[in-house]
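Structure record follows, encoded as structure tokens.
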Amino acid sequence: MSLKSGSEMVGACQPALDWLPILDRVGAAVMVANAEQRIVRVNRAFSAMTGYAAEEVVGKTPRLLASGRHDGDFYQRMWNTIRQRGAWEGEIWNRRRNGEIYPEWLLINALHDDTGVLEGYVATFSDISQLKRAESEIQHLAFYDSLTGLPNRRLLLDRLEKARALGQRNGYSGALLFIDLDHFKNLNDTLGHAIGDHLLIEVAQRLRRCIRECDTAARQGGDEFVVMLEALDADPQQAAVAAEAIAEKICAALAEPVLLVDQHEHFCTASIGISLFGGTEKSAESLLKQADIALYKAKEAGRNTVRYFDQAMQTALDERAQLEVGLRYALAKGEFVLHVQPQVTADKRLVGAETLIRWYRADGSIVGPDRFIPLAEENGLIVPIGLWVLDSACAQLRRWGGDPALNGLCLAVNVSARQFRQPDFVEQVRNALARHQVDPSRLKLELTESLLLDKKDEVVDKMNALKALGIRFSLDDFGTGYASLAYLKRFPFEQLKIDRSFINHITHNADDASIVRAILAMGDSLRLQVVAEGVEQTEQHGYLVRHGCCLFQGYLFGRPVTFAEFEAAIANADLLLPGA
Ligand code: C2E
Ligand code: MG
Ligand code: MG
């Protein structure tokens, strides 16, 4: 049978679709259309959301709701997906009867009869404007400096990463100017912070005036600013000349007197370090580091000067090269050790632990993952290292499995994007679980937002395949990336971890506190567990508990330690099991 359209359908019940009358009891807005895409039925929640009464929409096509924000391609892709997969889900902007445009989360399912003939479509939508507002608030707080309104370090790194990739493709170069105000501390100490802030705001405005639309002026922190120049000449010599000209322009602009209290004129000078990029393999962090080294040279040269990063400053980079050589043999030499850090509930009961890798070098030094994981990601060693971590975690879970006191604990394993993207990653996880006969629900994989940025379908499919095995997922370092709602909706995460940079200042920085509250609210409405990372103080724990956070990790509950130390802490009741 087919769904008819037309006004005789208003409020009517379709014989074969006898579930239609219950639509009004469903909380979400629902619209049913026939195979010709004509609306045959809507529920009350639909009318409340869109402002259209059933009589006004029945017989019409859903185009009536179009906001004009999506192009023809968008709808074409949507209908193609529905034709191929029978359903489509995603974020879409629609228009209410009163003209207001709003975002909604839309799920469309095609309906077929027993013989496979298309009967119609059911669309379910929820208004996500509030979540979008929270999302953009989080983004603003997370990416802009609240004093000067300039992009912060995080946004700068992000733009730098993009500029670098673009430069590599198109062959042009860019430059980073690391700017530090000379003797700013004196001013702050003698005239006070309010005057210091006033000067920083003024500097930010002048920097903005010295650069082009496509460039970025960011505040790095304190009295440090970074300007990123893009699309300079492909020839490094020419690019260097252009960058120097802008650096001189900045010095001149900053040298103009600034009027502070009581008509007091302040003369500000700056030191600038420059590094060029383009066609380079270097990471955004290391480019910034080069500019920082150049800045030191400028300061050593007596301030109020501009210096380039040059070959003599290479020593720091040489150390890194040495590290890389050592890293190649570390796995074979058995120099890696897994540490674990406890994860606890609000009342400090253990639920599990996160594994954190350490490199014990032959010279007796212990190298942390922040120093060698980025390197291993660049040269691909992360793949065998990641496999070793996975295998060791499963081996440990197996040992715990035999102990009634410990067999309820979960282990979270960090998985880097490059490792996850290996074509046989699912297989590798399956093998590790099988080899050690581990219950998959006790293994949690921590992924970061960088993984979710491209090839989304591939990532979703892989996650779903792993989820089908019983594995769960946690989104690590949340808040430092895009904090996008769409990601959270689309990927099967069970948990998100608030990055410790926000927890750090939660009790005395209003911006960080509001980000954390917004993340907790978002987690709540999306029914995701939220874990606070890096909790060091009782006050931070108290604040988080008061605002609804229920899982915690941080030095307050325990530092990362070896498995033996972890088990000893449980035996000593320094760490409490749920029933203890
Ligand atoms: P992460 O996954 O966000 O891990 C949390 C980091 O915060 C750990 O640093 C931990 O020692 C530190 N931390 C925990 N509580 C506190 C606290 O209260 N205060 C402070 N200041 N720090 C705290 P760690 O061990 O240096 O690891 C750094 C990062 O390296 C990890 O960040 C993770 O992204 C990466 N990593 C560690 N192990 C692995 C691994 O096996 N594979 C991969 N791909 N990455 C790993
Ligand atoms: Mg982690
Ligand atoms: Mg983290």
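Listed by first and then second residue, the pairs linking a residue in region 282-304 that is closer than 14 Å to Arg153 by Cβ to a residue that is acidic (Asp, Glu), with Cβ atoms under 7 Å apart and 6 or more places separating them unless they lie on different chains, are Ala284/Glu161. Number of residues in region 525-546 that are at pLDDT 95 or above and either more than 15 Å from ligand 3 (Cβ to nearest atom) or among the aliphatic types (A, V, I, L, M) (or both) equals 14.
Just need a number here: residues in region 372-384 that are within 16 Å of ligand 2 (Cβ to nearest atom) and either open to solvent by 50 Å² or more (accessible area, probe 1.4 Å) or out of contact with any strand residue (DSSP E or B) (no Cβ under 7 Å at 6 or more places or on another chain) (or both). It would help to see each step written out before you state the result.
Kept after step one, since they are within 16 Å of ligand 2 (Cβ to nearest atom), are these residues of region 372-384: 372-374, 376-377, 382.
Now restrict to residues that are either open to solvent by 50 Å² or more (accessible area, probe 1.4 Å) or out of contact with any strand residue (DSSP E or B) (no Cβ under 7 Å at 6 or more places or on another chain) (or both): 373-374, 376-377, 382.
Going through region 372-384 one residue at a time, the tally reaches 5.
Condition check ((1) basic (Lys, Arg); (2) within 16 Å of ligand 3 (Cβ to nearest atom); (3) part of a helix (DSSP H, G or I); (4) buried (at least 20 other Cβ atoms within 10 Å of the Cβ)) across all residues:
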| residue | (1), (2), (3), (4) |
| --- | --- |
| Leu451 | no, yes, yes, yes |
| Asp454 | no, no, no, no |
| Glu458 | no, no, yes, no |
| Asp461 | no, no, yes, no |
| Asn464 | no, no, yes, no |
| Ala468 | no, no, yes, no |
| Ser474 | no, yes, no, yes |
| Gly481 | no, yes, no, yes |
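Against the numbered list (1) at positive phi; (2) in contact with a Lys or Arg (Cβ under 6 Å, 6 or more places away or on another chain); (3) not aromatic (Phe, Trp, Tyr), Gly479 comes up short only at (2).
Answer yes if at least one residue in region 207-217 is loosely packed, with under 14 Cβ neighbours inside 10 Å, hydrophobic (A, V, I, L, M, F, W, C), under 29 Å from Phe143 (Cβ atoms) and in contact with a strand residue (DSSP E or B) (Cβ under 9 Å, 6 or more places away or on another chain), and no otherwise. Yes, region 207-217 contains at least one residue that is loosely packed, with under 14 Cβ neighbours inside 10 Å, hydrophobic (A, V, I, L, M, F, W, C), under 29 Å from Phe143 (Cβ atoms) and in contact with a strand residue (DSSP E or B) (Cβ under 9 Å, 6 or more places away or on another chain).
Does region 330-363 hold any residues that are polar (S, T, N, Q) and within 12 Å of ligand 2 (Cβ to nearest atom), and which are they?
In the first step, residues of region 330-363 are kept if they are polar (S, T, N, Q); the result is 341, 343, 345, 355.
If the condition is that a residue be polar (S, T, N, Q) and within 12 Å of ligand 2 (Cβ to nearest atom), then Gln341, Gln343, Thr355 are the ones that fit.
Of Ser514, Ser501, all but one fail to be farther than 29 Å from Leu107 by Cα and within 15 Å of ligand 3 (Cβ to nearest atom); the exception is Ser501. Residues in region 117-165 that are outside the structural domain of Val226 (by TED's automatic domain parsing) and of a type in the set (Val, Ile, Thr) were compared, and the one that is farthest from Leu200 (Cα to Cα) is Val117.
Out of everything in region 219-230 that is in contact with a strand residue (DSSP E or B) (Cβ under 7 Å, 6 or more places away or on another chain) and either of a type in the set (S, T, N, Q) or open to solvent by 40 Å² or more (accessible area, probe 1.4 Å) (or both), what residue ends up being modelled with the highest pLDDT?
Among those residues, the one meeting the criterion is Glu224.
The rows are residues; the columns are (1) in a loop (DSSP other than H, G, I, E, B); (2) within 16 Å of ligand 2 (Cβ to nearest atom); (3) on the phi < 0 side of the Ramachandran plot.
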position	(1), (2), (3)
Val516	no, no, yes
Gly523	no, no, yes
Val535	yes, yes, yes
Leu544	no, no, yes
Cys549	yes, no, yes
Phe557	yes, yes, yes
Glu565	no, no, yes
Ala569	no, no, yes
Asp574	yes, no, yes
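Candidates in region 505-544 are the residues that are within 10 Å of ligand 1 (Cβ to nearest atom) and open to solvent by 70 Å² or more (accessible area, probe 1.4 Å); of these, the one that is nearest to Leu447 (Cα to Cα) is Glu536.
The values are calculated or read from the model by the stated rules, or taken from the named source; none is laboratory data. Bear in mind that the values here come from a model prediction, so they are computed numbers and not experimental data. Backbone-built Cβ (ideal geometry, glycine too); neighbour counts: all protein chains shown. Surface accessibility is based on the protein's heavy atoms, side chains included, excluding ligands, DNA and RNA. Shrake-Rupley method; radii C 1.70, N 1.55, O 1.52, S 1.80 Å.
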